[in-house]
Amino acid sequence: MTGFKGNKASLPQKPCAACGRPMTWRKKWARTWEEVKYCSDRCRAQPGKSPS
């Protein structure tokens, strides 16, 4: 496949649990989208986050 050619505005989004930035669905997250909570490794490693 040569990449996404559709309407990117229609992809699902959700906020990062640490910083609140909107995260847009990525093909890499297709199988684990429900478990994705953080937008980056930096947010994941941030101290003081609420335990899940």
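A short reminder: the numbers here are calculations on the coordinates, not readings from a lab. Just so we're clear, the structure is a prediction, and the values are computed from it rather than from any experiment. Positions of Cβ are generated from backbone atoms using ideal geometry, with glycine treated the same way; all protein chains shown enter the neighbour counts.
Over all other residues within a Cβ to Cβ distance under 15 Å of residue 26, the charged ones net out to +4, with Lys and Arg as +1 and Asp and Glu as -1. Computing FRET efficiency as 1/(1 + (r/R0)^6) for residue 45 and residue 14, where r is the C-beta to C-beta distance and R0 is 22 Å, gives about 0.65.
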